[in-house]
Amino acid sequence: MGQQQLRVLVAEDEMIVGYDLCDTVAEAGYFVEGPFDDLSSAMLAYQKAKPDIAILDIQLGDGIVYPLAEQMMAEDVPVIFHSGALTPDEVVERFPKAQALAKPCPPAAVIESVQRAAATA
């Protein structure tokens with residue numbers, strides 16, 4: 001890969017799922033930040049260094065991720081929602097530009113979403 005590694009921020013409050021996601025993304029050749037299990041730590045990380053792509057669980061330890069997602073999208077960071085609570089259709093209804101994955105999500109589908117996001121990043 002001649003290009004600079006894309007940075008992917010992962011926010012997920014189930015740590016096992018979070019580490020899984022991070023491993024999957026890292027193995028595909030991306031630079032991973034996270035997993036962050038609450039909104040405040042994810043926001044802090046985002047403010048410190050803007051990622052190229054974000055994978056966000058909708059419900060984090062201290063609340064709903066939407067405010068952070070909205071800020072990211074306003075700054076042109078592609079967001080991939082990863083949720084056990086909402087269906088991908090419900091998420092896309094609210095955020096037409098975002099991608100959505102249902103939990104549990106097979107690693108191949110995660111990578112595919114990240115690659116799709118990378119194409120727009």
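Over the chain, DSSP H runs of length four or greater, each weighted -39,500 (n - 2.57), average out per residue to a 222 nm ellipticity of -13000 deg cm²/dmol.
Estimated at 0.36 nm per residue, the fully extended path between residue 62 and residue 109 surpasses their Cα-Cα distance by 14.2 nm. Once R0 is set to 22 Å, what does the formula 1/(1 + (r/R0)^6) return for the Cβ-Cβ distance between residue 93 and residue 23, expressed as a FRET efficiency to the nearest 0.05? Step by step, r from the Cβ atoms, then E = 0.10. Given a Förster radius of 22 Å and the C-beta distance between residue 102 and residue 76 as r, what FRET efficiency does 1/(1 + (r/R0)^6) yield to the nearest 0.05? FRET efficiency, residue 102 to residue 76: 0.30. Looking at the stretch 18-121, the GluC sites (Glu not before Pro) that sit in a DSSP loop and have at most 16 other Cβ atoms within 10 Å of their own Cβ are 75. Of all DSSP bridge pairs formed entirely within the chain, close to 10 percent run antiparallel.
With a 10 Å cut-off between alpha carbons and a GNM built on the chain, which of 16, 55, 80 moves the most? Largest GNM mean-square fluctuation: 16.
Rule-based calculations on the coordinates, nothing more; no lab input. None of these values were measured; they are calculated from a predicted model. Using ideal geometry, Cβ is built from the backbone for each residue, glycine included, and neighbour counts are taken over all protein chains shown.
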